[in-house]
Each structure stands twice: as structure tokens, then as C-alpha cells.
Amino acid sequence: MEKPFIQLFKTPRSQYIFDVNSNKILPVSEDVFTFLYRCMNGEADVRSSNLAEIQNLIQEGYLGTESAVKEIQHPYTQRLEYFLGRKIRKITLQLTQSCNLRCKYCIYSENSSIHQRTHSSKRMDWETVKKGIDFLWEHSIDSPKVNIGFYGGEPLLEYPLIKQAVAYAKELFDGKKLTFAITTNGTLLTDEIIDFFVQENIFLVISLDGPKEIHDKSRVFATGEGSFDTVIKNVERIKERAPGYAKQIGYSMVMDPSNDYDCINEITVSSSDMNEHTFLASIVDRDYDEEEAIYSEEYSWKYQYQRFLGLLSLFNRYPEDKVSAILRRSINRLLHDVRRNQSAAPLRMIDAPSGPCVPGQMRLFINAEGNLFPCERVSESSGVMCIGSLETGFDFKKISNLLNIGEITEDSCKRCWSFRHCSLCAKKADDGSGELSARFKLTHCRAVQSDTYFKLRQLILLDEISLYYADQIRI
């Protein structure tokens, strides 16, 4: 018996189907839900039902038993030369592969990742910096604004190079909106550097993993000494010298889920000032080693409770300013998903899972040697992830392969109910073998489907509350 290409959802108030081909969530009666549940378990045939509601759904084009997708190809495949030739938005320059810290989870540490490079003394010389900035100029003609990011290792080890790069870029991009950003461990900030960042309005992101007892467990100097006190002292220095600029600082937080979430969150709870900042929070990256992130019970349930409070704030049942800063972006992303889902396109005959971005267009990463990568999150040691160099330009064949990563798992992707909500990019197919791995990519699919199920349930919840309590919510 053929199963309908749907996913079922049930809430205390109602029942729903997610029709994959149309990409729509539809409310259904209890009888229809029960019948479709039997169909999904192979106990009934959707075409044999005499329920009028089922027949109406079929007549309206829902409840198809096959995917509408016949061929996997990203819609931007034929326009890669345009996007990468004229619409690059950002480059990130790896000024150095050296760092004054030895963070225990760092993918560049000597013992962490078997598929990544380690810390080294390699640095980007001025000629390469200049070529990188020129490359952005030549490939961003149709981008109304561009950004240059400074990255490491620890980029402030090359502060004179940063000053030189900013001066050159400002002169070259005169007349175009140009911004700068830097991600730093925060230990090398001086009065001179702070004044320069304020003068040039450089967006500053400082790595801070929580309060002292959490931060110092992993973010340590080469001597093994924790870096928290140094970072906080420098943050206080920024507040004293430039209070307005200090309010714009972002914090990059790498969360180890084996810790208690409330302990991590303490850094925002203990300071109303800190809770006002943007936190770019992520879980420890295990993609390029052979370990799995371990989630403690204390992390899991306390994280979900804080997220629940964030959702309550959307319904004016909890003060918005008390929502954990770590979760604020997650809640805002949910609102973005609500709006995007209302206009999401149905599946097309020629289509691709929604995970990949155009490699290199949004955040082209240029390493110390002048090689090009889609972004700073992929492995610099991976041949399949290197998409060219400043000397030779882009390798469009490799870029097309990364963009069309769904092709290596075509049959599975066509049948996947999470097709339009997939978040997998080519990084998830890079097992270090030198080739894109279908087997490795498929190991991530269950997590994506689980995440999609969770996300769609939240969208349904927000729709129900919007329907029944429209006058009491802020969305």
C-alpha cells in the first residue's frame, strides 16, 4: 500500500497534517487523522477511503503518494558565476593560524580534531591581505554593502595588519557601504586597540562561554591558566573608555551541554547589563572529530524551561527583558520561521533540499595561504571544501558539487518529508576521506527530521494561540 507523502501532528486542541509536496500544514478532523495514521502504518490505502474530507483533500491536490521532485538540482546552479562574480557580500580573512589560548574544545587544538589543521605559526602576509580585499572589490559590484571580517587563530596577534587592511579597504571601497567585524578571545585588547575599534566602528565579538567556573574549564592560556579574569577586565576597560560602543559588543558563546545550563546562563542572569547584549550561542562543534556532544539532564531540561519562558514572553505572559540573552536569537529565529513558513514554496519538479547556501557568497573564508572556502566553519584541511584560491579564482565545478550536495543522496532526499526544511550543507558530508560521503551525510538526517518536527509543532502552537488569544500576544 502506498503511503501519503505527509507528516502527522497532534495537539491538545486539534489534529494536523503537513502535506510535503504543497509545504502546507492543514487541520483535519479526528476521523481523518486516525485514518491517515493507519495509512502511514501500512494498514490502509489513502485512495480507498470513502471519507468526504479525504476525497476533498485529494481533489484539491493534497495527499499525493509520491514526491513532486523528479530531479535534484539547486535553482541557483546556473547562476553561480553571477552570484560569485558580482554579489559576494563578505570575506573573512584568516590573519593568523596562531593563538595565545589553548581552548580544550577548539577544533584547531592539537588533540581535538583528526580532520582539521592544528595551531601553527602561519600568518597572512600583506600581499595576501591586499589580494583578498581586491578580490572582494572585484566580485561585489552588485552588492550594495559589504563586510570584511578578521579571524584567526587569534586575529589581534596581527593588530598592525588589521590597521593596514582597514585603511586600504576604506580607500578602495570609497562610496560603497563597508563595515568591519572581528571575533577575538578578548585577552589582547589594549587602550590603543579599543580606541581604534571605536574610531572605525568595528563590530566586536568576544568569546565568553559563561561565568568564571564555566569559562575557565575550557578557555585557557597555553600555561593552563583560565582567561576569564583577563577578558572581563578588558570588557570593563571598554565600558570605561567608550560606554556607547561597549553596548554594541556581541558575545560568542560555545556551550558544553555536559554542564548545567543554569550555570552557563548565570553570566546573563547576574548582570542586567550583560543580558542586553547579543549572544551568538552554539554547541561544541563535533563535526570534525570522532566524539559526540554529551547532554546532561541538567542542561536539557533547564534549557527547555528557559526556552518555554521565552515563548511565554511572546504571549505577554513573561517579561521580555528577562528572557535569557542566550536564547533570545533562538526565539527571534522562531518568529522568522513563522513568517517564512507562511510563504514557503511547494516542492518543484526540479528542486533541492533547503540546506546549502551559495558556497562563498555570504561569508567567503580566505585562509592564511590565500585559499578560498565556503565559510570559516568548514575544514581547512579538506580538499573537497577548498573552492579555489586568490591566485586561480573560483573552482565552479567544486562549488556546484557543494551546492548540489543533495545529489549524492538523491533517492533519500526525494522521499524525505523534511525536504523543504532541511538544514544540511556539504560540511555534513565531509568525513575527511577526500570525497563527499553519502553515508556520512545520511547519519545526520534523523536529527534534521527531529528538528523539523519540533519546529513545525512550534509553528502550529503559535498559530493556535494566535487564533484563540490574538489580543494577548506580541507577534
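Partner aspartates and glutamates whose Cα lies under 18 Å from the Cα of K87, excluding those fewer than 8 positions away in the same chain, are identified as D134, E138, D142, D174, D395. When Lys and Arg each count +1 and Asp and Glu each count -1, what net charge do the other residues less than 15 Å away from N201, Cβ to Cβ, add up to? With Lys, Arg at +1 and Asp, Glu at -1, the net is +4.
Note on D321 and E127: their simple-model spin labels are 5.6 nm apart, each label 7 Å out from Cα toward Cβ. Near Y299: Cβ cut-off under 11 Å, other residues only, Lys/Arg at +1 and Asp/Glu at -1. The net charge is -4. Taking the DSSP beta bridges with both ends in the chain, the antiparallel portion is around 40 percent. Under 18 Å from a label point set 7 Å out along the Cα-to-Cβ vector of L172, the amide N atoms of segment 361-376 belong to 361-373. Unpaired cysteine residues in the chain (no second Cys Cβ under 4.7 Å): C39, C99, C263, C357, C375, C386, C413, C416, C422, C425, C445.
What does the charge add up to near G61, with Lys and Arg as +1, Asp and Glu as -1, over the other residues with Cβ less than 15 Å from its Cβ?
Numbers: positive: K24, R47, R348; negative: D19, E53, E60, E66.
Once all neighbours under 15 Å are counted, the net charge is -1.
Based on Cα contacts under 8 Å between residues 6+ apart, the chain shows a relative contact order of 17 percent.
Going through the cross-link list K163/K441; K70/K397; K145/K302; K122/K441; K170/K398, which pairs have a Cα-Cα distance over 30 Å in this structure?
Working: K163/K441 41 Å; K70/K397 22 Å; K145/K302 40 Å; K122/K441 32 Å; K170/K398 32 Å.
Violating the 30 Å limit, Cα to Cα: K163/K441; K145/K302; K122/K441; K170/K398.
Considering every alpha-carbon pair of segment 78-204, the percent of pairs per 5 Å bin, from zero through the bin containing the longest distance, is 2, 10, 19, 20, 17, 14, 11, 5, 1, 0.
For mean projected area of the Cα convex hull in nm², computed directly from the structure shown, the correct entry in (1) 25.5; (2) 23.1; (3) 24.3 is (3). Helix 159-172 axis versus longest C-alpha principal axis of the chain: approximately 70°, rounded to the nearest ten. Surface composition of the chain: carbon and sulfur atoms hold 49% of the protein heavy-atom accessible area at a 1.4 Å probe. A probe of 1.4 angstrom, applied to the heavy atoms of all protein chains, finds T230 with accessible area near 40 square angstrom.
A simple spin-label model places the labels of F196 and R329 2.6 nm from each other, with each point 7 Å out along Cα-to-Cβ.
FRET efficiency for R38 and I350, Cβ-Cβ distance as r, R0 = 45 Å, nearest 0.05?
0.85
DSSP beta bridges fully contained in segment 179-280 are about 10 percent antiparallel.
Estimated at 0.36 nm per residue, the fully extended path between D273 and T118 surpasses their Cα-Cα distance by 52.2 nm.
The values are calculated or read from the model by the stated rules, or taken from the named source; none is laboratory data. Bear in mind the structure is a predicted one, so any value in this text is a computation, not a measurement. Virtual Cβ from ideal backbone geometry, glycine too; neighbours counted across all protein chains shown. The accessibility values were calculated without ligands, DNA or RNA, using every heavy atom of the protein model including side chains. Shrake-Rupley method; radii C 1.70, N 1.55, O 1.52, S 1.80 Å.
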